[in-house]
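Colleague: Pasting in a structure now, in structure tokens, and then I'll have a few things to ask.
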Amino acid sequence: MERLSISRGNANMNIRELANWNLIYKESIAGDRKEYFRAEKDMWEVAKRIVKERKRRELEPLQQHLAELKKVEQSYESISFVATIENIERLVSRLDSLSGTLMKADEHVFFGKILNLFK
């Protein structure tokens, strides 16, 4: 709190959110009542957890909303709208697939393939 010049409430809120994303862990020290937290040190693991959580919070609800939007009554006017929604769905599907690939990939293999794209 002191180093960041933030309030206790702000610190608490941010710590809870980091814990919800599984980016920090609560640790206990025997004989001490204070709460201590440990951050994930492996940046590849941090990246995978962020991708997983963003998928759960953003991509999956978006996919559900897009499916609902396509259920409009079919008419001449709705054809263009539905086509646009389907294009967005394809993009979201590709992002979902990419995030799945990232989640399964080994760090060295993933970055090796990325670097090959730039050669």
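Colleague: Starting from segment 57-76, take each residue that is assigned to a loop (DSSP other than H, G, I, E, B) and list its partners that are of a type in the set (Gly, Ala, Ser), counting only C-beta distances under 6 angstrom and pairs at least six apart or across chains.
Modeller: Val72/Ser78
Colleague: Determine which member of the set Leu62, Leu4 is surrounded by 14 or more Cβ atoms within 10 Å (Cβ to Cβ) and either hydrophobic (A, V, I, L, M, F, W, C) or within 22 Å of Lys104 (Cα to Cα) (or both).
Modeller: Values: Leu4 fails: surrounded by 14 or more Cβ atoms within 10 Å (Cβ to Cβ).
Within the list Leu62, Leu4, the selection yields Leu62.
Colleague: Applying the selection to segment 28-43, what residues are surrounded by fewer than 10 Cβ atoms within 10 Å (Cβ to Cβ) and part of a strand (DSSP E or B)? If you could, list the steps in order and put the result at the bottom.
Modeller: If we filter segment 28-43 for residues that are surrounded by fewer than 10 Cβ atoms within 10 Å (Cβ to Cβ), which is where we start, we get 29-34, 38-39, 41, 43.
The answer is Arg38, Ala39.
Colleague: Also, quick follow-up: When you look at Val109, is it within 22 Å of the chain's Cα centre (by Cα), modelled with pLDDT under 90 and either in a loop (DSSP other than H, G, I, E, B) or under 26 Å from Met43 (Cα atoms) (or both), yes or no? Please lay out each step first, then the result.
Modeller: Numbers: within 22 Å of the chain's Cα centre (by Cα): yes; modelled with pLDDT under 90: yes; either in a loop (DSSP other than H, G, I, E, B) or under 26 Å from Met43 (Cα atoms) (or both): yes.
Yes.
Colleague: Scan Ser80, Ser97 and give me the residue that is farther than 30 Å from Met1 by Cα, under 17 Å from the mean Cα position of the chain (by Cα) and part of a helix (DSSP H, G or I).
Modeller: On the way: Ser80 fails: under 17 Å from the mean Cα position of the chain (by Cα).
The match here is Ser97.
Colleague: Now for a different question. Among the residues that make up segment 15-27, is at least one of them at pLDDT below 90 and in a loop (DSSP other than H, G, I, E, B)?
Modeller: Within segment 15-27, the first condition is being at pLDDT below 90, and the residues that meet it are none.
The answer is no; no qualifying residue exists.
Colleague: Residues of segment 21-56 being closer than 28 Å to Arg94 by Cα and of a type in the set (Asp, Glu), which ones? Walk me through how you get there before you give the answer.
Modeller: Taking segment 21-56 and keeping what is closer than 28 Å to Arg94 by Cα, we get 21-23, 42-56.
Result: Asp42, Glu45, Glu53.
Colleague: In the set Lys55, Lys48, which member is closer than 30 Å to Gly100 by Cβ, at pLDDT 90 or above and assigned by TED's automatic domain parsing to the domain that holds Lys104? Walk me through it before giving the result.
Modeller: On the way: Lys48 fails: at pLDDT 90 or above.
Result: Lys55 is the single residue among Lys55, Lys48 that is closer than 30 Å to Gly100 by Cβ, at pLDDT 90 or above and assigned by TED's automatic domain parsing to the domain that holds Lys104.
The values are calculated or read from the model by the stated rules, or taken from the named source; none is laboratory data. Remember, predicted model here, so these are calculated numbers, not experimental data. Counting neighbours? That spans all protein chains shown, and the Cβs are built from the backbone with ideal geometry, glycine included.
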